[in-house]
Amino acid sequence: MGDNVIDMRKYNAARTIESIATYYKDQGWFTIPLKYQTKQPLEDSWNVAPLDFELMKQHAVNQSINIGVLLGKRVIDIDLDCMESRMLAPYIL
């Protein structure tokens, strides 16, 4: 794998919210707990003070949640939700 490619296999083995949150933390990213099956933050202060990782794990144990990542400067998120977007990605990204 190239220098910029991260091997997700060690994180995805369990495919739990905790393992995915750990992967994000290991990348230096701040995680945000989201309401299950939405992109709506659980906490009103999500953009002021990123949630402590241990509290994030506690949210994951106590309820079904999604995880968001607080992006910074020069970082973007591109959703490749359909087959056509995934086919075009190597040519346009």
Which value in nm describes the separation of the simple spin-label points at VAL48 and GLU84, placed 7 Å from the Cα toward the beta carbon?
4.3 nm
So how do TYR91, TYR36, TYR24 rank on accessible area, 1.4 Å probe, biggest first, that is with the largest at the start?
TYR91, TYR36, TYR24
Using a 1.4 Å probe and ignoring any ligands, DNA or RNA, find the accessible area of SER45 and quote it in Å² to the nearest 10.
60 Å²
Kindly sort MET83, MET56 by accessible area of their heavy atoms, largest first, with the probe set to 1.4 Å.
MET83, MET56
Take the alpha-carbon positions of segment 26-93, form their convex hull, and give its projected area averaged over all directions (one quarter of the hull surface) in nm².
6.0 nm²
Percent accessible area from carbon and sulfur atoms, segment 23-68, protein chains only, probe 1.4 Å:
48 percent
How much length, in nm to one decimal, is gained on full extension between LYS73 and TYR91, taken as 0.36 nm per residue of separation minus their Cα-Cα distance?
4.1 nm
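The values are calculated or read from the model by the stated rules, or taken from the named source; none is laboratory data. Everything numeric here is computed off the predicted structure, so don't read it as measured data. Cβ sites come from the backbone with ideal geometry, for glycine too, and all protein chains shown count toward neighbours. Note: accessible area is taken over every heavy atom of the protein model, side chains too, but ligands, DNA and RNA are not part of it. Shrake-Rupley method; radii C 1.70, N 1.55, O 1.52, S 1.80 Å.
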